[in-house]
1. How would the stretch 245-335 be classified by its alpha-carbon gyration tensor: rounded, prolate or oblate, with rounded meaning a/c under 1.5 and the a/b versus b/c comparison settling the rest?
2. Search the structure for amide H atoms under 5 Å from the amide H of Asp182, placed 1.01 Å from N in the peptide plane, and list their residues when 5 or more places away or on another chain.
3. Could you pull out the pairs from Lys86/Lys374; Lys86/Lys198; Lys92/Lys465; Lys198/Lys374; Lys92/Lys136 whose alpha carbons sit more than 27 Å apart here?
4. Compute the angle between helix 159-170 and the longest alpha-carbon principal axis of the chain, please, reported from 0 to 90 degrees and rounded to the nearest 10.
5. Per-residue counts of other Cβ atoms within 10 Å, averaged by peptide: what ranking do you get for 70-77, 117-124, 98-105, highest first?
6. Pulled fully out, how much extra length does the chain show between Thr293 and Asp461, if you take 0.36 nm times their separation in residues and subtract their Cα-Cα distance?
7. Classify the stretch 410-507: rounded, prolate or oblate, from the alpha-carbon gyration tensor (a ≥ b ≥ c, eigenvalue square roots; a/c under 1.5 rounded; otherwise prolate if a/b is larger than b/c)?
8. Any idea what angle helix 123-155 forms with the longest principal axis of the chain, computed on alpha-carbon atoms, 0 to 90 degrees, nearest 10?
Amino acid sequence: MTYSQEITKAGATIGGQGHWDGIAAESVARMRLQNRFHTGLDIARYTAGIMRRDMAAYDADPANYTQSLGCWHGFIGQQKMISIKKHFGTTKGRYLYLSGWMVAALRSEFGPLPDQSMHEKTSVPALIEELYTFLKQADARELGMMFRDLDAAREAGDEVKAQKIQQDIDNYETHVVPIVADIDAGFGNAEATYLLAKKFIEAGACCIQIENQVSDEKQCGHQDGKVTVPHEDFLAKIRAVRYAFLELGVDDGIIVARTDSLGAGLTKQIAYSKEDGDLGDQYNSFLDVEEVTDITTLRGDVVLARDGKLFRPKRLPSNLFQFRAGTGEDRVVLDCITSLQNGADLLWIETEKPHVEQIAGMVDRIREVVPNAKLVYNNSPSFNWTLNFRQQVFDRWTAEGKDVSAYDRAKLMSADYDATELGLEADEKIRTFQKDAAARAGIFHHLITLPTYHTAALSTDNLAKEYFGEAGMLGYVAGVQRKEIRQGIACVKHQNMSGSDIGDDHKEYFAGEAALKAGGIHNTMNQFAA
């Protein structure tokens, strides 16, 4: 519905009452346009459509991969999307990622926690709701500025400009984008996963990422000690999430099935198996076992029968069972195929390094069974990107017989190598990693889990060093505010960003000339008008 149509519709509603003379139809139309998403389910349905279209576009051409950055606060997510619109004119192909790691480390009432699902499960849907509250306010703010420009054009008698602004309002692109939301391992059994998934979706999530670790043993994907569950347990949770989407009418909701099997050498339980070769038997076939030749050595052990012999899975003092070394990639491939065959839409393979060919090798095997398999990939700050890519270049040059005597592989992180041929080639490979991996390794969506955790730490360190040192106030002015002004960072006018001007508009709608507004000539934000 266009701006003019919204005004006409509001006018008909007001006119039909006969005693709402103090209500202006155009003001109602403006408020409606500034709040087009009334519930989280409205958002989930809208953004699910975006992701589905983007997935189809990627299938047609891998150059159409998508990206996101992790968030731990609504303001952070808002600023990302405002910046994207400012620099690129559109949010297309850019999402937000909600990281369980950042919720645990930064949002738990217990204080900073490791990424082990110890934080409050309700804090995650609460953050989804918060993110969308801030994104909707970004819409309200930007549209409010357009409405002010429209009024100014009308007052100046510039009808051409007024028509152009009205056309921009009609074609307005929202800041509301898909959020890929991390549900960890579901925070419990399949029923707990279903209940929490409903909260995610009701808050606005169209895409839920779930991993195949044991809920009560969950570890960060880049730490040791990860424990996986048998496939049937994980598939039950995938189905639970799908049921939640369907129950709430988000029929095209997206499920990302994450496997941590590449780095997980442990399992908590032996899989249930009915016959040779079934899914449980395949899971158990990866276990590290020893043959039992003397049954008197059994001490409450589980035993497996294979080819007429008995085998005892090796059990650790932790009461966990271990997989055979070197089976990680095979387990990843089986995890991914079975997840896609049972309701998942996208895959997430957690790796120990960013290496295109390593990922591609697994994806090639998966695509032999599921040809359109697509990945979400964690471009993680847990990787030392500089060191990894310099080592990759060093190793390739060595294999090609190129002279590498000027480089020490163990010290490639050194700044001494920054401007060298090897350092520059590694940087170029980092620059094109996402494009290369999208084309070669089936990666539809690239994300950085914890970017603003690190940028906040870095910028705060720089500010503290300057402000509390010799620079004093100049440390803030030169290092922050002057850059905000010259780079056109919207939050330099922080009163405007917090909704002060939106509030002034509402005061005028409600009270007319009697409105006491904050944005008058004495508001110091006017100093930033230039």
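We did not get these values from a lab; they are worked out from the coordinates using the rules stated. Not measured: the values here are computed from a predicted model. Virtual Cβ from ideal backbone geometry, glycine too; neighbours counted across all protein chains shown.
1. Judged from the Cα gyration tensor, the stretch 245-335 comes out prolate (a/c at least 1.5, a/b above b/c).
2. Result for Asp182 returns Leu98, Gly100, Gln209.
3. Lys86/Lys374; Lys86/Lys198; Lys92/Lys465
4. Once rounded, one gets 30 degrees.
5. 98-105, 70-77, 117-124
6. 54.2 nm
7. Since a/c reaches 1.5 but b/c is at least a/b, the shape of the stretch 410-507 is classed as oblate.
8. Taking the Cα atoms of the chain, the angle to 123-155 is about 30 degrees.
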